[in-house]
Amino acid sequence: MFQAALRVLLIISVTVTAGICPVWGASSEAVSEHPSKQLVKEHDITLKMLDAASQEAAQIRKSGTLNAQRILKMHDFFTNFVDRCHHAKEERFYFPAARFYDGERIDRLVAELSNEHDYARTLLQEIAYMVERKEEPDPTLVADRLDRYAEIIRAHIGKENQRLYPPTDLVLPEAEKDGMLAGFARIEKQELGAGFHKKYHDLAMEVLER
C-alpha cells in the first residue's frame, strides 16, 4: 500500500512539474501512447550508430591508425544521447515502473539491464581516456572497446525491445504512462535543454553520411 501511494505521488509530481511532452500529444482526455515507443525510436538511431562504431573498429584494425575526431563524435553521441538522455529515461522512470507493475518476474532482467548501463559507461570512459590523452594510444585497444561497446548495447537493445517493453506496456496504467512521458520531457527540455534531440540527430547524420 505504501509503495502504491509513492507511485501515485510520483506520477502527480512529475506530471504537474513538467507537463506532458507535446511531441506525444498526450492529454487527460486521450489514451496515452506507450512510453516505450519513444524509447524504441531512440534505439533505432542508436543501432545505426553502433553499426558505424563496429565499422570504425574494423577500419582501425585494417589501417592501424585512429580517426580521433570521428571517434570522439561517436563518443559524444553515446555519452550524451544514449546515456544522459535515453538511459536516464529508463533508469529513472521506465525501470522502476516495470519493477512495480510487473513484479518479481521482471526484477532480474531490470537488474541485468542496469548493470549493462554501468558497464557501457565504463567502456566509454576508457575510450575517451585513450583517445584524448597526449600519448599515442594503441589503436587495437580503442578498436576493442568500440567493438565491445557496440556488442553489449546492441544485445541490450534486443532484450529491452523483446523482453522488457512488451510485457511492461501491457500492465502500465494510463496515468503512469502520462507521468512517465512527462518525466521524459523534463529530462530533455529542462535538464538537457531545448534542441538536444535535434543536436544529436544532426550529429548522428554527420557520422552516418561519411
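Key figures for this structure:
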read-out: Dipole magnitude of the range 69-178, debye to nearest 20 (Cβ charges: Lys/Arg +1, Asp/Glu -1, about Cα centre); value: 160 debye
read-out: Cα-projected label distance for ASP118 with ASN67, points at 7 Å along beta-carbon direction, nm; value: 3.5 nm
read-out: FRET efficiency, GLU136 to ALA58 (Cβ-Cβ, R0 22 Å, nearest 0.05); value: 0.60
read-out: Contour minus Cα-Cα distance for LYS37 and LYS159 (0.36 nm per residue); value: 42.4 nm
read-out: Over 27 Å (Cα to Cα) - which of LYS41/LYS189; LYS134/LYS198; LYS48/LYS134; LYS48/LYS198; LYS41/LYS199; LYS37/LYS198 fall in this group; value: LYS134/LYS198; LYS48/LYS134
read-out: FRET efficiency estimate (nearest 0.05) - Cβ-Cβ, GLU104 to GLU206, R0 45 angstrom; value: 0.55
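Taken together, the values in this text are just the output of simple stated rules run on the coordinates, not laboratory data. A quick note: this is a predicted structure, and the numbers were derived from the prediction, not measured. Every residue, glycine as well, gets a Cβ built from its backbone with ideal geometry; the counts of neighbours run over all protein chains shown.
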